[in-house]
Amino acid sequence: MRAPITVAVTGGAGQIGYQLLFRIAAGDMLGPDQPVRLRILEIPDALPALEGVVMELHDSAFPLLHSVDTTADASVAFEGAGHALLVGARPRGPGMERSDLLAANGAIFSAQGRAIQEHASQDIRITVTGNPANTNALIAAAAAPDIPRERFSALTRLDHNRAIAQLAARTGEPVAGIRRMIVWGNHSTTQVPDLTHAIVGESLATDLVEREWVRDEFAPTVANRGAAVIAARGASSAASAASATIDHVRSWMLGTAPDDWTSMSVISRGEYDVPEGLVSSFPVTTAEGEWSIVDDLELEPEVAEQLRASVAELEQEREQVRALGYLG
Ligand code: NAD
Ligand code: LMR
């Protein structure tokens with residue numbers, strides 16, 4: 001058996017945490033031979049509820065679960081961690097403006113970034129699920145300048161999975177037969193779901209679906225799916241968000257399939273004219289814990305234009321958090 005890896009998860013008493021922790025403990029994220037130590041960070045008020053989750057984790061008798069610890073202290077949570085899954089975030093409350101949300105989360109993610117830099121393992125990899133995920137990842141990275149930039153990521157895998165599901169339903173192909181989907185930009189309604197390079201079975205997706213459906217149904221359905229789930233459930237997506245977080249880290253660590261890629265939000269080095277330093281979603285291939293952006297695709301003019309709009313939103317968010325003093 002391998003030595004256990006410490007996985008730090010924030011917001012473990014929340015909705016996503018309730019799904020995510022059990023999947024990690026079952027071995028779905030790092031593989032069936034990899035024991036894990038769970039280190040769960042919560043705010044002090046949520047620690048009693050988190051104890052119930054811990055009881056259930058123990059009661060599940062997961063063979064790969066080496067230990068579970070809870071804390072309200074970030075320096076304890078990230079001590080020696082090989083993965084940090086930053087799920088806990090301040091939700092938007094009544095009367096709160098987006099700038100208030102950025103300010104509240106700025107404080108959380110910059111404190112966690114500092115704690116990660118000071119306490120985590122040398123090879124820590126960070127995945128931000130808590131919204132606004134891309135900008136929260138930017139803030140955490142700015143607070144941890146000694147950690148290589150490529151170790152910070154934000155979740156757009158849920159959007160990627162949603163896009164695959166929509167295309168599968170439209171074409172009648174099982175999801176397993178769909179490759180090379182892309183989601184570009186921000187995890188927000190400006191995101192750009194792009195099937196122009198996707199393969200369905202042996203065919204090009206663009207040979208199977210009409211342009212009107214892509215423009216009027218596919219893209220808006222994927223981009224607004226989060227709001228549709230909230231409207232139906234009265235709460236934001238949780239099981240699918242946890243599942244996508246598992247997929248994101250598993251792909252990162254265990255690699256993408258040959259002839260396929262995934263969508264991941266990572267720090268741009270200027271690819272596809274996304275300004276350097278922004279955390280944007282790109283198509284990436286992964287192998288042995290490293291990702292690389294698929295950087296030789298021809299973008300359709302509409303896709304390029306929509307990506308520019310999503311990037312403009314990311315730049316605006318960056319300016320807001322810079323003005324709040326979170327980017328140093
Ligand atoms: P939730 O409110 O049920 O749970 C969040 C938990 O985080 C709570 O238990 C809260 O106490 C905790 N928390 C808050 N501040 C914290 C801090 N400073 N340190 C540690 N824990 C803290 O929310 P949820 O449904 O689990 O969603 C979590 C986040 O994920 C939200 O921001 C949500 O918008 C986001 N989300 C992102 C995606 C995506 O695709 N990127 C998808 C779904 C949800
Ligand atoms: C989602 O995509 O489901 C989440 O980011 C929740 C939201 O606010 O859309």
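Here are a few things to note about the model shown:
- Top-ranked residue in region 82-131 [being surrounded by fewer than 16 Cβ atoms within 10 Å (Cβ to Cβ) and charged (D, E, K, R); ranked as nearest to ligand 2 (Cβ to nearest atom)]: Arg92
- A search for C-beta distances below 8 Å between a residue of region 246-260 that is closer than 15 Å to Pro32 by Cβ and any residue that is in a helix (DSSP H, G or I), counting only pairs 6+ apart in sequence or on different chains, returns Ile246/Leu20; Ile246/Arg23; Ile246/Ile24.
- Counted as qualifying within region 33-120 are the strands (runs of 3 or more DSSP E) with 1 or more residues that are farther than 25 Å from Thr135 by Cβ and not charged (D, E, K, R), namely 36-41, 65-71.
- Pair list, Cβ < 7 Å and 6+ apart or interchain, from region 58-77 residues that are assigned by TED's automatic domain parsing to the domain that holds Arg23 and farther than 16 Å from Tyr18 by Cα to residues that are at pLDDT 95 or above and in a loop (DSSP other than H, G, I, E, B): Leu64/Gly27; Leu64/Gln34; Leu64/Pro35; His66/Pro4; His66/Pro35; Ala72/Glu42; Ala72/Ile43
- Boolean, Ala257 is in a loop (DSSP other than H, G, I, E, B) and either of a type in the set (Val, Ile, Thr) or within 15 Å of ligand 2 (Cβ to nearest atom) (or both): no
- Only one of the listed residues (Val303, Val284) is more than 26 Å from Asp146 (Cα to Cα), in the same structural domain as Leu204 (by TED's automatic domain parsing) and not in a loop (DSSP other than H, G, I, E, B). That residue is Val303.
- Taking (1) in a helix (DSSP H, G or I); (2) in contact with a strand residue (DSSP E or B) (Cβ under 6 Å, 6 or more places away or on another chain); (3) surrounded by fewer than 20 Cβ atoms within 10 Å (Cβ to Cβ) in turn, Glu173 satisfies each apart from (1).
The values are calculated or read from the model by the stated rules, or taken from the named source; none is laboratory data. Keep in mind it's a predicted model, so treat the numbers as computed, not measured. All Cβ positions, even for glycine, are placed from backbone atoms using ideal geometry, and neighbour counts span all protein chains on display.
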